[in-house]
Amino acid sequence: MDSLLKHMVDMTGHRDHAMLDISVISAVRELAGAVQTRILSIASVSGQQVLRARASIRRGSPARLEDAHEGGPGEALASHPVLMQCLMARRPSAEALDGDGMRTLWLPIWFGDKAGTCLEIRDDKPFADVTVHMVGGIVGVYRNFQNLLDYSERDSLTGLLNRKTFDDQLARMLHSAQQQDARLPGLPERRQINGQEKQWLAVVDVDHFKAVNDRFGHLYGDEVLILIANLLQSSFRAQDRVFRFGGEEFVVLLRSTTLDNTWKIIERFRAGVANHSFPQVGRVTVSVGFVAISAFESPVMTLGHADQALYHAKSSGRNRACHYDDLVSHGMVQAAASNDTAEFF
């Protein structure tokens, strides 16, 4: 019981969804002693519902955040008919026995009549009633606290993180970048090695969005923003953070990855938007500017570099992504002087 209370205190002490996920699966793992526990997102990709792991823990191993795209677009929900029926009937749980003797217990996290998250527990023995009851209590606390985080952190239209949460998230990334950045303070050049993992900031802007509002009205404009937000969430990884900065502007913080992989992720999103058919509106495109996050540059400076890259993408034809350091190395933009008081958004 003391251990359970410690986990509950730990869960409610977090102000970040990723760490809340880690806390809940750690608590469930200790309580249930299961082979594997996962937090799954229930997403819609190209009209099909899929399951994507956000965090997982296996017996004998520490909890970890998952890269949702390591295994492709996700597991088709239709491949788990028992869970699918549970969601359709809006039941609190579902259990299935696999051919190999493994048992799976699913507990959807319901917010009203919607479940965008599900706790999955897999074990090689039946789940005791008392264990299911205790796990259900943990799920209730998790749901309530997740709801509180969503209310304070989310944009009301798109459901993405809002701008007021950005500073805290960027500060965490700057701290991480300080541990990864090999440069010494004051060293002028920005070394970019394609194979080196770094943190990244990308600014996304919808091309000609004012024309969408003027021609089709704000209701269709809002629908475009919602659909682009969905494409952002399905294109970027579970550990990345996507924000709506207001209007048609979005910002993405990409956790540790290489330059090559960052290009692939951003291009996947950009192409996904360009190929998407928006109801009534038709074709919409986005422009993207991105930069590596450095602990030796201020947040305003980092935003400014990404914004310079975005401006170049806009001025050179739109519907493209530009990397700040590539532009500087090819003389297409000039490195901006530091100005910690500048406002770029």
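Some observations on this one:
- Residues of the range 304-326 that turn out to be part of a helix (DSSP H, G or I) and either among the acidic types (Asp, Glu) or open to solvent by 20 Å² or more (accessible area, probe 1.4 Å) (or both), as a count: 8
- The residue that is nearest to HIS218 (Cα to Cα), among those in the range 115-172 that are aromatic (Phe, Trp, Tyr) and touching a residue at least 60 places away in the same chain (Cβ under 8 Å), is PHE166.
- The residue of the range 208-229 that is least open to solvent (accessible area, probe 1.4 Å), among those that are over 23 Å from GLY317 (Cβ atoms) and touching a Ser or Thr at 6+ places or on another chain (Cβ under 7 Å), is ALA229.
- Residue match in the range 280-296 (condition: assigned to a helix (DSSP H, G or I) and surrounded by 17 or more Cβ atoms within 10 Å (Cβ to Cβ)): no
- Residue ID - nearest to SER44 (Cα to Cα), chosen from residues in the range 74-121 that are open to solvent by 30 Å² or more (accessible area, probe 1.4 Å) and among the acidic types (Asp, Glu): GLU75
- Within the range 214-260, the only residue that satisfies the criterion of being within 18 Å of the chain's Cα centre (by Cα), in a loop (DSSP other than H, G, I, E, B) and among the acidic types (Asp, Glu) is ASP240.
- Taken as a whole, the condition of being over 20 Å from PRO126 (Cα atoms) and either touching a His at 6+ places or on another chain (Cβ under 8 Å) or surrounded by 19 or more Cβ atoms within 10 Å (Cβ to Cβ) (or both) does not apply to LEU65.
- Being touching a residue at least 40 places away in the same chain (Cβ under 8 Å) and under 13 Å from LEU160 (Cα atoms) holds for only one residue in GLU267, GLU248, and it is GLU248.
The values are calculated or read from the model by the stated rules, or taken from the named source; none is laboratory data. Note that the structure is predicted; figures quoted are calculated from it, not measured. Cβ atoms come from the backbone with ideal geometry, glycine included; neighbour counts cover every protein chain shown. Just the protein is used for accessible areas: all its heavy atoms, side chains included, with ligands, DNA and RNA removed. Shrake-Rupley method; radii C 1.70, N 1.55, O 1.52, S 1.80 Å.
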